[in-house]
Amino acid sequence: MRARMALAHANITVELREILLSDRPQEIYDASPKGTVPVLQLNDGTVIDESFDIMVWALDQIESDWKDIELEKQLTIIKMNDEDFKPWLNKYKYHIRHPENTREFYQHKCGEILSQYESALKETLYLMGDKPQWVDIAILPLIRQFAHVDLPYFQSAYPKLNQWLEVWKGSDLFQSIMKKYIQWQPDHEPLIVSFAS
């Protein structure tokens with residue numbers, strides 16, 4: 001999601017191959033042995049197989065106003081979200097698989113980070129001020145995942161963060177990357193997509 005939003009923001013056209021994780025084609029392993037999504041293969045054969053790195057590449061192609069404010073601080077927040085928040089989120093989402101602690105425990109551990117975002121949004125529309133920045137897009141997918149585990153709880157516990165999420169979900173940028181595409185098959189004609197259109 002965040003990789004697609006960065007590509008859309010940079011108005012980059014790609015050949016899209018939509019796959020199901022439950023039915024991964026050999027071609028994804030040929031491009032990246034990790035077999036995870038997203039994978040971006042450039043015209044020169046370079047493969048970028050991490051969503052954060054795809055964002056970096058996409059934003060480097062343009063003069064982006066997403067990197068205007070305290071870039072190092074943004075990167076620190078993104079790192080915290082990816083490395084600290086995400087593992088707790090996965091345990092919260094799949095708490096049945098992690099019976100060593102309760103769902104509420106994992107919810108609380110996620111909340112230690114979410115409360116920082118909630119505080120940041122008390123005075124501004126976005127995490128770094130009154131205009132969107134890289135960090136907003138980078139953390140958006142995981143915040144959305146957390147919210148959808150128990151939406152009434154999220155809305156009550158984090159009203160500012162919920163408002164921020166709703167603004168993003170209603171944005172043209174978000175809507176542009178949420179279109180549905182058919183599952184790619186090797187015999188399909190190339191599907192050329194500009195997410196921004």
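Any read-out appearing in this document is the output of simple, stated calculations on the displayed coordinates, not a laboratory observation. None of the values given here were measured: they were computed from a predicted structure. Cβ: placed from backbone, ideal geometry, glycine included. Neighbour counts: every protein chain shown.
Couple of notes before you dig in:
- When 29, 117 are arranged by Cβ crowding within 10 Å, least crowded first, meaning fewest neighbours, the order is 29, 117.
- Nearest 10 degrees, 0 to 90: helix 71-80 Cα axis against the chain principal axis: 80 degrees
- Karplus-derived 3J(HN,Hα) values for the stretch 150-158, using 6.51 cos²θ - 1.76 cosθ + 1.60 with θ = phi - 60°, are 8, 4, x, 4, 4, 5, 6, 6, 9 Hz; glycine and proline are entered as x.
- Qualifying lysines (Cα of each under 26 Å from Cα of residue 122; at least 8 residues distant if same chain): 67, 73, 79, 86, 109, 131, 160, 169
- Charging the Cβ of each Asp and Glu at -1 and of each Lys and Arg at +1, and nothing else, the dipole of the stretch 65-171 about its Cα centre rounds to 380 debye.
- For the stretch 82-197: Kirkwood Rh in Å [reciprocal of mean 1/r, alpha carbons]: 16.0 Å
- Considering only the Cα atoms of the stretch 151-197, their convex hull presents on average a projected area of 4.7 nm².
- Here the mean projected area of the convex hull built on the C-alpha positions of the stretch 56-116 is 5.3 nm².
- Per-q log10 I(q)/I(0), the chain, q = 0.09, 0.12, 0.16, 0.18 Å⁻¹ (Debye; single scatterer per alpha-carbon; no solvent): -0.38, -0.67, -1.15, -1.35
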